[in-house]
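Report on the structure given below.
No lab work stands behind these numbers, since they all come straight from the coordinates. Quantities reported herein were computed from a predicted structural model and do not represent experimental measurements. Neighbour counts are summed over all protein chains in view; Cβ atoms, including those assigned to glycine, are modelled from backbone coordinates with ideal geometry.
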Amino acid sequence: MEIISISMDKETLAELDTVQGRLGFKSRSKLLRATLASLLNEYKLLESMRGHVDAVFMVTYRSSEKHGVSDLLHEFEDSIKTVVHQHHVGICLEVLIVCADARRIRELFAILKRAKGVRSVSCSVL
């Protein structure tokens, strides 16, 4: 097995340690491998899609980034059919029903994954 190193701030490391303990992972490495496996599986599914796709996105982001995320989502207004928005102590949750070509779904997923302030993105294909 290859060894890699990553950098993260103290707050994220503390959160990682908390999650590790609560989920019962024996090491940070095992937790990070499981997390990466989940991301890679989600990516493989998205890459395998062809043609028209109906999908549900669940996105959480810091309320302070709402304008930036909103601007990103406006680029996909042709594909986003329904939006449910919920506020919770500095965090916004958006559930998006998206109907579009698979390429467009992948594009939205990638943009949200790397967007500033976005905490989580999940995509379920219907």
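In a DSSP loop and with at most 11 other Cβ atoms within 10 Å, the trypsin sites (Lys or Arg not before Pro) in segment 1-109 are K26, R50. Loop-located GluC sites (Glu not before Pro) in segment 1-94 (DSSP state other than H, G, I, E, B) with a sparse environment of at most 10 neighbouring Cβ atoms within 10 Å: E2, E77. For segment 81-95, 3J(HN,Hα) computed residue by residue from phi via the Karplus equation (6.51, -1.76, 1.60; θ = phi - 60°) reads 9, 9, 10, 10, 10, 9, 9, 7, 5, x, 10, 10, 10, 10, 10 Hz, glycine and proline entered as x.
Pairs to check: K26/K113; K10/K44; K30/K113. Give those whose C-alpha atoms are more than 29 Å from each other in this structure.
On the way: K26/K113 27 Å; K10/K44 31 Å; K30/K113 22 Å.
Long pairs (Cα-Cα over 29 Å): K10/K44.
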